[in-house]
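Data first, discussion second: the structure below is written as structure tokens.
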Amino acid sequence: SGPLRTHAAGRGKFIGTALATGPLSNETQYRTIAGQEFNQVTAENAMKWESTEPSQGQFTFSGADAIVDFATQNNQQVHGHTLVWHSQTPGWVQGLNATAMRSAMQNHISQVVGRYASNPAVVSWDVVNEVFDDNGNMRTSFWYNTLGSSYIADAFRAARAADSNARLCINDYNVEGINAKSTAMYNLVSSLRQQGVPVDCVGFQGHLAIQYGFPGQVQQNLQRFADLGVQVRITELDVRMQMPRDATKDTTQATYYRNVVNACLAVTACAGITIWGFTDRYSWVGDTFPGEGAALIYNESYQQKPSYTAVHDAL
Ligand code: XIL
């Protein structure tokens, strides 16, 4: 018994969720569960570039502030997501030449991180997101195509300059287990730190699907990053399935959730686990992966699922 956050805190870990501003503004059950069960939150979309700087130099923080205010009211930490990404970034950024793009990036980071630098709720940032492709090569995004890989170090330095206390993370998907992509991430983080680039943390998104199997050697993978001296964390956990949902799939899903929590618990440098939402009523999965769904720990009517019990009992 007791909410997830109590158990997580007892283990010295955070348990987080991604928050959507729509239901946060008008759905009581959503607010109640979000506030009671979690001790950290991430904005699902509200802090992304398209939300915070839709046109150049015009910053809008209404959604971001709503998340930070909710977190403050509920004694929760905020993980900032995300500063530099190839997706959900306005076209005006993508069309800039190299000099202009670099300074737009530095200004964006300075304004967004700077807004919350003195706010004690906001403790960490995803500085760069998804810089690798699925084979572990640098993703040929507009950032890379215009600036080369130097944008990564520049982004971290700008974030450190804007907030000397925030924990600065690099975040990606399909890097939970040991594979070519996670090894590319490992090599990048190692090299950035050797160059004195302020990378404090590695985020493992954790968008899993039961039909693809559980990734191999998750605990060992987290540990090898920890041994580089960085904090690690699970940042966007969800476990989708092919619909319709059934009891067998629920059981497998619960096992995946439990395995992820146990891997984090087994690694001292793992700070915690954020689930990418909490209710199947509001999840990116159905929109992004046709025919799949039911990836979270509450169903669409806010009933706890076996995956909730698995997380609860593991913590
Ligand atoms: C997703 C959101 O959940 C959706 O609402 C949005 O339409 C697209 O982005 N990796 C990330 C997250 O880092 O920002 C993405 O969030 C999911 C994949």
Do we find that ALA269 is among the small types (Gly, Ala, Ser) and surrounded by 18 or more Cβ atoms within 10 Å (Cβ to Cβ) in this structure?
yes
Among the residues of the range 263-295, count how many are part of a helix (DSSP H, G or I) and either under 22 Å from THR6 (Cβ atoms) or more than 12 Å from the ligand (Cβ to nearest atom) (or both).
3
I'd like to check something: does the range 237-257 contain any residue that is within 13 Å of the ligand (Cβ to nearest atom), within 14 Å of CYS201 (Cβ to Cβ), of a type in the set (A, V, I, L, M, F, W, C) and part of a strand (DSSP E or B)?
no
Exclusive hit being away from the ligand (no atom under 14 Å from the Cβ), surrounded by 21 or more Cβ atoms within 10 Å (Cβ to Cβ), in a loop (DSSP other than H, G, I, E, B) and within 19 Å of the chain's Cα centre (by Cα), set PRO198, PRO215:
PRO215
Count, please, the residues in the range 11-31 that happen to be part of a helix (DSSP H, G or I), in contact (Cβ under 8 Å) with a residue 60 or more places away in the chain and away from the ligand (no atom under 16 Å from the Cβ).
1
Can you confirm whether the range 33-40 contains a residue that is part of a strand (DSSP E or B), under 27 Å from CYS270 (Cα atoms) and touching a residue at least 24 places away in the same chain (Cβ under 8 Å)?
yes
Output the number of the condition that ASP65 fails; it satisfies all remaining conditions of (1) farther than 21 Å from ILE273 by Cα; (2) within 15 Å of the ligand (Cβ to nearest atom).
(2)
Just to be sure, is GLY203 in contact with a His (Cβ under 9 Å, 6 or more places away or on another chain), modelled with pLDDT of 95 or more and either surrounded by fewer than 19 Cβ atoms within 10 Å (Cβ to Cβ) or in a strand (DSSP E or B) (or both)?
yes
Go through the range 160-195 and give me each residue that's polar (S, T, N, Q), touching a helix residue (DSSP H, G or I) at 6+ places or on another chain (Cβ under 8 Å) and either part of a strand (DSSP E or B) or crowded, with 24+ Cβ neighbours inside 10 Å (or both).
SER182
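The values are calculated or read from the model by the stated rules, or taken from the named source; none is laboratory data. Computed from a prediction, not measured in an experiment: that's the story for all the values here. Note that we place each Cβ from the backbone using ideal geometry, even for glycine, and neighbour counts take in every protein chain shown.
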